[in-house]
Amino acid sequence: MGVNTEYKNHIKALLENNTTFSRSADKPVIFVGAGTCGLACGAASSEEAIKSALESNGIDAEIIDVGCVGYCEVEPIVDVKLPGKPRVTFFQVDNSQAKQIVETYIKNGSLEGLNVLAQYKDETAEPIEGVEEINQITFFKKQMKIVLENCGVINPTSLEEYISRGGFKSFARLLKEYTPERVIDDVLKSGLRGRGGGGFPTGKKWQFAAVQKNPHKYVICNADEGDPGAFMDRSVLEGDPYRVIEGMMTAGFAIGADAGYVYIRAEYPLAIAHLEEAMDKLEQAGLLGDNILDTDFSFKLKIKKGAGAFVCGEETALIASIEGKRGMPRYRPPYPAVSGLWGYPTIINNVETYANIPSIFRMGAENFAKIGTAGSKGTKVFALSGNIKNNGLVEVPMGITLREIIFDIAGGIAKEKKYKAVQIGGPSGGCIPEQHLDISIDYESLKQVGAMMGSGGLVVMDEDACMVDVARYFMDFIQKESCGKCIPCREGTKRLLEILTRITTSAKFMSEMERLERFGGIVYMNRLAQSIKDTALCGLGQTAANPVLSTLKYFKDEYEEHIYNNRCPAGLCSGMTDYKIIAEKCRGCGLCKIKCPNNAIVGERKHVHYIIADRCIGCGACHVACKFDAVEQVKEGVASEN
Amino acid sequence: MKLKETPQNIEEILGNYPQKLRSDLIPILQDVQELQGYISQDAIKQISGYLDLPTSKIFGVATFYNQFRLNPPGRHLVQVCRGTACHVKGSAKLLESLERELGIKAAQTTKDRRYTIEVVACMGACSIAPVICVDGNYHGRLDVKDLPAILEQYE
Ligand SMILES: Cc1cc2nc3c(=O)[nH]c(=O)nc-3n(C[C@H](O)[C@H](O)[C@H](O)COP(=O)(O)O)c2cc1C
Ligand code: FES
């Protein structure tokens with residue numbers, strides 16, 4: 001591609017505040033939340049509806065696709081900024097709502113009958129009466145946006161707009177005025193710790209790499225985000241890619257690297273596209289490549305697409321994968337900071353870690369260090385999902401409690417059910433029960449209750465969840481993703497899965513021997529979990545048993561119900577649920593009988609059918625098949641088999 | 001947006017990697033899969049010759065990563081999310097029922113080549129869990145009873 005002189009001068013003028021970026025002030029601007037989550041909710045078709053409504057009403061407007069603001073529950077989200085008015089956010093904008101927004105608000109200036117969520121604060125315009133400010137609505141009130149400050153607000157691929165929000169300005173300054181040591185010093189002072197899970201002090205990591213005497217060093221951004229139930233990194237890359245690149249370049253300058261890689265999941269095509277576009281523009285502006293901003297600093301960036309292996313999130317496996325090999329971790333030391341990609345000193349940080357860097361230099365390390373707790377500084381982004389009212393992406397200051405996140409921001413448990421647990425930290429983390437909801441969110445406190453910060457997935461479970469099933473789910477995941485290099489992980493997780501599968505399977509059809517094994521396994525489980533933890537090669541195995549250990553610790557009664565009474569209290573575990581046919585509803589169509597894989601249903605056509613309990617394997621096929629809702633799960637009082 | 005020409009055959013793909021590096025292997029495999037929908041034996045042999053790597057190594061890499069398919073998929077790819085959020089909202093039952101409905105297991109293709117079921121971990125659409133994705137179209141907040149109607153849409 002290369003440098004485009006005209007564009008370069010234009011960007012330079014922006015950086016030096018000689019010109020400012022502004023959007024056309026005389027026509028409506030429409031912002032469509034078009035992150036992956038928004039698109040999944042139908043944002044593309046809403047946008048089409050807006051376009052055609054604009055056209056048929058003869059309105060000239062600018063439409064901008066933005067990233068995700070985080071309030072995924074009410075997507076598709078569309079913002080409208082009319083000339084002289086503050087920006088207004090609309091929620092659940094389906095096609096008909098989209099049309100109404102154009103005809104009622106854009107054309108006639110009225111908000112009557114529209115799904116209005118909030119308005120933005122605007123110095124240049126009078127606030128609209130009766131509409132709440134966006135930072136004041138419940139979902140956003142307790143949040144503190146640093147990493148996500150631009151997500152869903154700006155055009156993610158516009159370099160001009162990123163700069164107008166302060167981007168690259170402090171970087172331009174530090175490139176000319178700071179020494180690399182001073183950059184590292186500031187990162188150390190900020191107290192920033194890695195957001196990818198481990199929580200290692202970022203400044204220290206950079207220091208290790210900086211002291212290596214090697215003409216060639218690498219900076220890698222870990223955007224593998226393999227933790228199922230987490231989508232923070234995706235949102236940041238989709239909604240504000242320049243921020244991550246600026247963070248990486250700062251790291252490159254600090255450690256003396258001249259090249260970087262972004263290792264990103266192939267499942268994130270939109271994030272990849274935005275990154276590519278951002279890199280392209282930076283190259284044209286002379287902000288990536290040789291002699292950046294006419295200094296001695298050169299930095300090249302490449303994207304590597306992951307190929308779907310969870311273990312590749314581990315840093316040494318990630319390096320192997322970039323090198324074109326099977327992504328298997330290796331023993332550390334040497335750490336990548338000493339010997340990494342192709343043997344050169346390499347630092348690997350998470351997307352969110354890099355995304356924090358520009359803010360540290362913009363607000364000053366001291367001010368950054370004022371946010372959070374003694375040992376954990378700044379904010380953390382969490383992906384909230386599960387059985388809560390408000391799903392979405394939130395950024396909160398460290399030190400907030402889980403209760404505040406779940407009950408204030410997320411609005412509590414959906415459908416008025418009771419809270420049971422929250423899973424934090426993904427497959428390496430744990431489940432936190434009600435009694436620990438008031439601990440503060442920081443690296444140390446979470447460890448104390450048997451969980452970990454992890455990358456930021458928070459999956460909330462209500463009373464209907466089965467905790468043994470959750471443990472089994474994670475073990476199944478880990479066992480499939482184990483790379484097979486070390487025996488404790490390869491064999492151990494398989495054995496643990498077998499044990500958990502036996503516990504979550506009804507003993508109804510088991511032989512005496514199998515029943516004995518079912519009991520025997522439990523006795524071993526704790527010991528096995530411990531020895532995997534002590535002997536596995538990499539973090540995957542070392543933390544694999546955490547979901548089991550934490551559920552065993554807090555939800556022992558559920559394990560006992562499964563083992564001794566052959567009963568799943570939540571009615572979830574297949575085979576531990578009984579079904580019954582409600583005689584009044586059954587029309588005798590016989591569909592259930594045809595679908596039953598074990599011939600457990602009897603009945604004549606046009607007469608009520610029955611399930612033979614002894615034959616029933618509890619698969620639920622009849623329940624799904626029945627068109628009259630006549631098959632029902634029996635939750636309480638399942639006959640004990642043992 | 002950069003307009004990259006999509007390669008029409010394997011030779012063109014290989015031509016895009018003139019340095020013939022080992023680190024080009026995964027990108028090449030990704031391009032091949034995009035072109036063919038899977039990675040054929042012939043492709044592995046061609047790559048092997050080009051990069052001067054034993055086919056066993058390439059097979060080793062291709063089988064290590066979940067993304068790569070070694071069998072051609074059916075006309076419609078049904079991806080079922082088995083991430084945590086979807087699990088909590090009942091994706092196991094969804095998958096079970098889908099497998100029963102189509103008479104195949106995950107990673108298999110129906111005899112008439114109409115559907116292939118694939119299990120993926122988190123599509124990043126956790127807020128509308130449970131999610132399935134057919135040919136790139138997301139279907140969220142699903143119940144097992146919705147499945148037949150969705151499958152019908154894909155001939
Ligand atoms: C099995 C496993 C999976 C991991 N997955 C990720 C991941 O998806 N994203 C990530 O940033 N870090 C992941 N990590 C942590 C990385 O190894 C590494 O510690 C991290 O990228 C360092 O960046 P940080 O210091 O900024 O957190 C994983 C670690 C293990 C053991
Ligand atoms: S868990 Fe299914 S989309 Fe994230």
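The values are calculated or read from the model by the stated rules, or taken from the named source; none is laboratory data. None of the values given here were measured: they were computed from a predicted structure. Every residue, glycine among them, receives a Cβ derived from its backbone with ideal geometry; neighbour counts consider all protein chains shown. The area values use the complete protein model at the heavy-atom level, side chains included, leaving out ligands, DNA and RNA. Shrake-Rupley method; radii C 1.70, N 1.55, O 1.52, S 1.80 Å.
Residue-by-condition table, conditions (1) closer than 29 Å to A:Q530 by Cβ; (2) modelled with pLDDT under 95; (3) open to solvent by 10 Å² or more (accessible area, probe 1.4 Å); (4) touching a helix residue (DSSP H, G or I) at 6+ places or on another chain (Cβ under 9 Å):
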residue	(1), (2), (3), (4)
A:Y419	no, no, yes, yes
A:C431	yes, yes, no, yes
A:Q435	yes, yes, yes, yes
A:S440	yes, yes, yes, yes
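Do the conditions hold for A:I264, that is, is it open to solvent by 10 Å² or more (accessible area, probe 1.4 Å), away from ligand 2 (no atom under 16 Å from the Cβ), under 30 Å from B:I128 (Cβ atoms) and not charged (D, E, K, R)? Taking the combined requirement at face value, the residue does not satisfy it. Per the listing A:E160, A:E123, the residue uniquely open to solvent by 30 Å² or more (accessible area, probe 1.4 Å) and assigned to a loop (DSSP other than H, G, I, E, B) is A:E123.
Table: residues versus (1) in contact with an Asp or Glu (Cβ under 8 Å, 6 or more places away or on another chain); (2) exposed (fewer than 13 other Cβ atoms within 10 Å of the Cβ); (3) in contact (Cβ under 8 Å) with a residue 24 or more places away in the chain; (4) of a type in the set (D, E).
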| position | (1), (2), (3), (4) |
| --- | --- |
| A:K553 | no, no, yes, no |
| A:E558 | no, no, yes, yes |
| A:G575 | no, no, yes, no |
| A:D578 | no, no, yes, yes |
| A:I581 | yes, no, yes, no |
| A:R587 | no, no, yes, no |
| A:G590 | no, no, no, no |
| A:P597 | no, yes, yes, no |
| A:G603 | no, no, no, no |
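Tell me, yes or no, whether the stretch A:244-251 has at least one residue that is under 19 Å from the mean Cα position of the chain (by Cα) and crowded, with 24+ Cβ neighbours inside 10 Å. Yes. Quick check: anything in the stretch A:571-581 away from chain B (no Cβ under 14 Å) and either in contact with a Pro (Cβ under 6 Å, 6 or more places away or on another chain) or among the β-branched types (V, I, T) (or both)? So far as the stretch A:571-581 goes, yes, one or more of its residues are away from chain B (no Cβ under 14 Å) and either in contact with a Pro (Cβ under 6 Å, 6 or more places away or on another chain) or among the β-branched types (V, I, T) (or both).
Taking the stretch A:394-422 as the range and being within 14 Å of chain B (Cβ to nearest Cβ) and either within 16 Å of ligand 1 (Cβ to nearest atom) or in contact with a His (Cβ under 7 Å, 6 or more places away or on another chain) (or both) as the test, no residue passes. Among what's in the stretch B:68-92 and is more than 30 Å from A:K420 (Cβ to Cβ) and in contact with a Lys or Arg (Cβ under 9 Å, 6 or more places away or on another chain), pick the residue that is farthest from the other protein chains (Cβ to nearest Cβ). Ranking the candidates gives B:R75 first. I'm checking my understanding of the structure. Among residues of the stretch B:7-30 that are more than 10 Å from chain A (Cβ to nearest Cβ) and assigned to a helix (DSSP H, G or I), which one is farthest from the chain's Cα centre (by Cα)? Among those that are more than 10 Å from chain A (Cβ to nearest Cβ) and assigned to a helix (DSSP H, G or I), it is B:G15.
Here the stretch A:180-232 is the region considered, the condition is being at pLDDT 95 or above and within 14 Å of chain B (Cβ to nearest Cβ), and the residue that is nearest to ligand 2 (Cβ to nearest atom) is A:A223. Applying the criterion of being more than 25 Å from A:G425 (Cβ to Cβ) and not in a loop (DSSP other than H, G, I, E, B) to the residues of the stretch A:211-223, the residue that is nearest to ligand 1 (Cβ to nearest atom) is A:V219. Looking across the stretch A:58-109 at every residue that is over 28 Å from the mean Cα position of the chain (by Cα) and of a type in the set (D, E), the one that is farthest from B:G140 (Cα to Cα) is identified as A:D60. Of all the numbered requirements in (1) open to solvent by less than 40 Å² (accessible area, probe 1.4 Å); (2) within 12 Å of another protein chain (Cβ to nearest Cβ); (3) touching a Leu at 6+ places or on another chain (Cβ under 9 Å), B:L95 misses one, and that requirement is (3). Candidates in the stretch A:605-633 are the residues that are away from every other protein chain (no Cβ under 14 Å) and under 17 Å from A:T505 (Cα atoms); of these, the one that is least open to solvent (accessible area, probe 1.4 Å) is A:C616. Of the residues making up the stretch A:452-477, those that are within 22 Å of A:R195 (Cβ to Cβ) and either open to solvent by 10 Å² or more (accessible area, probe 1.4 Å) or over 17 Å from the mean Cα position of the chain (by Cα) (or both) are A:M452, A:S455, A:F477. Scan the stretch A:179-194 and tell me whether some residue there is closer than 25 Å to A:V78 by Cα, open to solvent by 10 Å² or more (accessible area, probe 1.4 Å) and part of a helix (DSSP H, G or I). Among the residues of the stretch A:179-194, not one is closer than 25 Å to A:V78 by Cα, open to solvent by 10 Å² or more (accessible area, probe 1.4 Å) and part of a helix (DSSP H, G or I), which makes the answer no. Of the strands (runs of 3 or more DSSP E) that lie entirely inside the stretch A:1-110, those containing 3 or more residues that are open to solvent by 20 Å² or more (accessible area, probe 1.4 Å) and under 30 Å from A:Q284 (Cα atoms) span A:62-66. Taking the stretch B:103-127 as the range and being outside any loop (DSSP other than H, G, I, E, B), open to solvent by less than 10 Å² (accessible area, probe 1.4 Å) and in contact with a helix residue (DSSP H, G or I) (Cβ under 7 Å, 6 or more places away or on another chain) as the test, the residues that pass are B:I117, B:C126, B:S127.
Only one of the numbered conditions (1) away from ligand 1 (no atom under 13 Å from the Cβ); (2) out of contact with any Phe, Trp or Tyr (no Cβ under 9 Å at 6 or more places or on another chain); (3) open to solvent by 20 Å² or more (accessible area, probe 1.4 Å) is not met by A:C486, and that is (1). Against the criterion of being modelled with pLDDT under 90 and out of contact with any Phe, Trp or Tyr (no Cβ under 9 Å at 6 or more places or on another chain), A:L549 does not qualify. Within the stretch A:315-326, the set of residues being open to solvent by 30 Å² or more (accessible area, probe 1.4 Å) and either within 16 Å of ligand 2 (Cβ to nearest atom) or within 15 Å of A:C221 (Cα to Cα) (or both) comprises A:E315 only. Consider the stretch A:328-360 and keep the residues that are open to solvent by 20 Å² or more (accessible area, probe 1.4 Å) and hydrophobic (A, V, I, L, M, F, W, C). The one that is farthest from ligand 1 (Cβ to nearest atom) is A:W342.
This table checks each residue for (1) away from every other protein chain (no Cβ under 14 Å); (2) closer than 27 Å to A:S170 by Cβ.
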residue	(1), (2)
A:I303	no, yes
A:F310	no, no
A:T316	yes, no
A:N356	yes, yes
A:V381	no, yes
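Residues in the stretch A:284-302 that are surrounded by 20 or more Cβ atoms within 10 Å (Cβ to Cβ) and within 32 Å of the chain's Cα centre (by Cα): 6 in all.
B:A121 meets all of the listed conditions (1) more than 16 Å from ligand 1 (Cβ to nearest atom); (2) within 28 Å of A:L39 (Cα to Cα); (3) within 11 Å of chain A (Cβ to nearest Cβ) but one, namely (1). In the set A:I371, A:I272, A:I322, only one residue is under 25 Å from A:Q207 (Cα atoms), away from ligand 1 (no atom under 11 Å from the Cβ) and within 14 Å of chain B (Cβ to nearest Cβ); that residue is A:I322.
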